[in-house]
Structure formats: structure tokens, C-alpha cells
Amino acid sequence: MEYIRVFDMLKIGVGPSSSHTLGPWRSAQEFTQHLLEQDFRHRVTKIQVHLFGSLSLTGKGHATDKAIQLGLGGWDPVTIKPDEIEAALYQMHHHKQIMLWGVKSIPFDPKTDLFFERTFLAFHPNGLTFKAYAEGQILTEQTYFSIGGGFITQEKPTQLPDNAAPKNVPFPYKNGEELLAHCQQQGASIAQIALANESVFNTQEEIEEKITAIWQVMRDAAYEGCHSEGILPGGLAVKRRAYTLHQSLIKNTPYTGPEDWITAIRSTEVKFKEILKWVSCIALSINEVNASMGKVVTAPTNGSAGVIPAVLFYYLVIDNHDAHLEEINEFLLVSATIGSIFKQGATISAALGGCQAEIGVSAAMAAAGLTAVSGGTAEQVLMAAEIAMEHHLGLTCDPIQGLVQIPCIERNSMGAIKAINAATLALDADPKDAKISLDAVVKTMWETALDMNANYKETSTAGLALSVGLSDC
């Protein structure tokens, strides 16, 4: 059993997809590191990449091709600025060159060196193979799998991947029952258990700094989305909606930037009928930024990046005006902990489990976080997560033209609303009366994923993706 860290479940990266953008990006970085370790720096003259399964079927809509080139070119998804992306891609496309390690230029033309194979590899639907050549002869090839949430692995890795932490934590768990047992034995909350585990890797100060950085990216993405007009890229001509919705809600309330934006919203008198509008506005705004290859937090994926921030935003500006970083820390620690249970017991990959693995898991994570900061017990936190997932079971992933836009953006709004409802139900309930446990719903989710027709797992070959064309939008 490998312990999955909070900062693996909540990662800063570039949209539109954690499995189809961030994962392939990381794979490209891993491959260039492999070339260095094999001392191929001076020999490699050409690289080709083959995409398989879902990465092939929806890769262009998910910017997989762009992510691979950026990864090979030495750019990092955490540190790259959104306005640097197009400039970097333009240079690579114009010169048909990639600068490996920032020092060695090799030819790379996506039209001839990037192959979209429609076949599926056995290990996982999101497979990609890198091949390095020297004067026409293969030097080495490596196959990677993007398994959801930005996690990558190889079918038979020689060592643990960098994003898999060892299990030397004081309170290891693989399911809700084990997590709850730790809470009861230690007389501790879920957030305290998570913090104790994270303390193996970082100091208290470092943990708080990382969580603050995650929150700031969430907040800044929401702010950017609420202040950006226009049409989303990709060809569907989807109009940004968060801007107009935000304008109707914020009215003439003064503020200068993202730092005092939430304070400004708190100062307004939010009417009851506007609460759901605010939640939807934040969820839409973040996923519009995600769809534009902007910077967001995988929570647990990019396609579901708006759910957790929208629910946290609800807590901060609607539910508790006195809440600050302490409550934000608890919310995110608990959310990530619940997400790790789904990661271990089922999947967070839509290519493997449909959208229940993305929006469903994110709703469960958000419901858990909201329940915790609202004073719920550990038992109620697990109950809230169970309720949220129970009502996402079987949700398919059928993005039109492979773009993380329709129905993905609206689904974040729906997931956030369900999460708030799930937390409300759990807080008013006695967990002893629950008929279904979190572990039972995780098991059911995985069984549902296995039974689900492959066409409904992020292939754009069924559902809305097939019945609705560009001309219908």
C-alpha cells in the first residue's frame, strides 16, 4: 500500500486535462530524464511519440500534442506562465524543432513525429510510447500510462514513480474504515491524521505554504475566469459565461484584485436565490480557465477542477465570514484525504471509470471538506462523501470533440451543488443510521467502472459526443 500525499491529489498544473495534458507532459519530462540517465544526450537525433486509446481519440481536444511538445522542450506545467505557452508552441511549430534540456536542438514535426493510434494498450486506456533515435536506429523506447489526476506510471516500473510516496507514515490507510479507526484510536480529526502523515515529508510551515499556494491558484483561477470575456478555444465556439454571471452578482462592489475580492463579496448582501448562482459562477469560471489551458489545481483532476474551489468559496463567502487560512487548510486536507481513498480503491481516471471518477470523486471530496469545517465528526465526513458519490454513480464521460467544455464545464457546477447538499444531509444525520458506507460506494463505483461500456470512457465515440456535432452547437 502506497500512501498518496495531499499534494499528489491537489496539484498545480495547466489545463485542460490532468490525464490528457498534465500526465503526458510529465511523461515527456520523464522520458527526457531517462535519456540523460542512459547517457544519450549527445546521440539522440530524433524523437517520435505514439498515443494510444483515449489519449489518441481525444488527444487533440485535450491538448495532448501540445503538452508533449512542451514537456520535451523543457517547460514545466507548474512554473510555466499561461502567456508563455502559445509563444513556446509557436517557436517549436515555426522551426519544427524541440530544444531538449534547453541545450540540444532536434527536429520535431507533430505531423510526422506524433502518431494517434486508435488501438488500446492492455494496462490502461491512456498509454503513450516515446522512441528516441540515433541516425535512424532506435536508441531506446519507453511506454508510460497517464492514470488520472496527473499521476503517471509504467506497466512494470523499476522503481516507484516520483509522485508515489513511500508508506512510512504514522497512520497509513487504504479505505474509510482504516482512516476512521485512526481517528477514533487517536481521538483526532481527519485533518489532524492527514497533517501527521504529511509531517513525515514536510515541516508544518512547509505544509501550510503549499496549501496556501494551492488555495491561491484556485482563487486566482476563479478571479481570472470571472473577469474574462470571449469565446473558448477549440472550435465549438463556446461563450464564456462566468463573466456575465459575475457582473450580475458583484454589481458595483469595489475591489482591486484577487486579494480583496473575497472580502468584497462578503461585504455584499447575498440573497438566498443568489447563493446557487455564486457557486455556479465560481465552478464555471475555473473550468473556463482550465479549458483555455490556464493554470488550475487538479482536484482531483483538471476536468473537475471547479468543484472543490466552488464549495470552499461557498463556505468562505456565504457560510462563514470569519473563516480564513486555518479553515482553508482543514478543508483541503480533508478533501485530499477522501480523494486518496477513491484513488486507492477505485480510480480518478475518466478513461477508466467515466465521469463518476472525476466529477463524482471531486463532489465527494468537496462534501467531505465542507462537512469537516462545518463541525462534522469524522463519521459524518465519510457519510457526506458517500452521499455525494452515490448520486454520481454511472456518470459517463462523453466530451464533444474531445474538448473539456461540453458537458464538462457545467458538470462542475452540478457537482458543487450536489456536494453542498450532501454535506447538509450528513451534518443533520446520525451516521449510525447510514445503510451504505463510504467503502461500499467506492467498491460499487469501481464495479460500475468495470461494467461501463468503453465508448463512454473519454473516447468521444458515444453519448453527447456522437449525437451532437459542431453544427448543432
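Quick notes on this structure:
- Looking at the chain alone, DSSP beta bridges between its own residues are antiparallel in about 90 percent of cases.
- Applying the criteria of a DSSP loop state and at most 15 other Cβ atoms within 10 Å to the trypsin sites (Lys or Arg not before Pro) of the range 367-473 yields K435.
- Prolate/oblate/rounded label for the chain (Cα gyration tensor, a/c 1.5): prolate
- Prolate/oblate/rounded label for the range 385-473 (Cα gyration tensor, a/c 1.5): oblate
- Rounded tilt (10° steps) of 258-267 against the dominant C-alpha axis of the chain: 30 degrees
- Among the GluC sites (Glu not before Pro) within the range 226-307, those in coil by DSSP and having at most 12 neighbouring Cβ atoms inside 10 Å are E229, E269.
- Listed by chain and number, the lysines placed with their C-alpha closer than 26 angstrom to that of K104 are K46, K66, K81, K96, K131; residues fewer than eight positions away on the same chain are left out.
- Taking the helices alone, the chain has a mean residue ellipticity at 222 nm of -15000 deg cm²/dmol, built from -39,500 (n - 2.57) per DSSP H run of at least 4 residues and averaged over all its residues.
- Once divided by 2.2 N^0.38 Å, the Cα radius of gyration of the range 232-345 becomes 1.14.
- As a size descriptor, the averaged projected area of the C-alpha convex hull of the range 197-243 was calculated at 4.8 nm².
- Rg and Dmax of the range 14-153, both derived from C-alpha coordinates alone, stand at 13.8, 38 Å.
- Crossing angle, helix 408-427 versus the chain [Cα axis fit, 0-90 degrees, rounded to tens]: 30 degrees
- Among the lysines of the range 176-472, pairs that are 8 or more positions apart or on different chains and have alpha carbons within less than 14 Å of each other number 4.
- With Cα atoms, 0 to 90° folded angle of helix 359-373 axis to the chain main axis: 40 degrees
- Förster radius 22 Å - calculated FRET efficiency between D109 and E135 (Cβ-Cβ, nearest 0.05): 0.75
- Distance from the C-alpha centroid of the range 248-319 to that of the range 1-54: 31 Å, rounded to the whole angstrom.
- Between the range 181-200 and the range 436-469, the Cα center-to-center distance that results, in Å: 33 Å
- Gyration tensor verdict on the range 154-306 (Cα atoms; rounded if a/c is under 1.5, prolate if a/b is larger than b/c, oblate otherwise): prolate
- For the range 8-60, applying the loop criterion from DSSP together with a ceiling of 16 other beta carbons within 10 Å to the trypsin sites (Lys or Arg not before Pro) yields R41, R43.
- Think of each Lys and Arg Cβ as +1 and each Asp and Glu Cβ as -1; about the Cα centre, that makes the dipole of the range 176-472 roughly 940 debye.
- A compact globular protein would have a Cα radius of gyration near 2.2 N^0.38 Å; the ratio found for the range 340-380 is 1.29.
- Under the Karplus curve 6.51 cos²θ - 1.76 cosθ + 1.60, θ = phi - 60°, whole-Hz ³J(HN,Hα) for the range 188-203, x wherever Gly or Pro sits: 10, 7, 4, 4, 5, 5, 4, 5, 5, 5, 5, 5, 5, 9, 9, 6
- Computed FRET value (nearest 0.05) for A462 with Q204, which takes r as the C-beta separation and R₀ as 41 Å: 0.25
Throughout, read-outs are computed from the coordinates displayed, never taken from laboratory work. Predicted model only: the values in this text are computed from it and were never measured. Cβ atoms come from the backbone with ideal geometry, glycine included; neighbour counts cover every protein chain shown.
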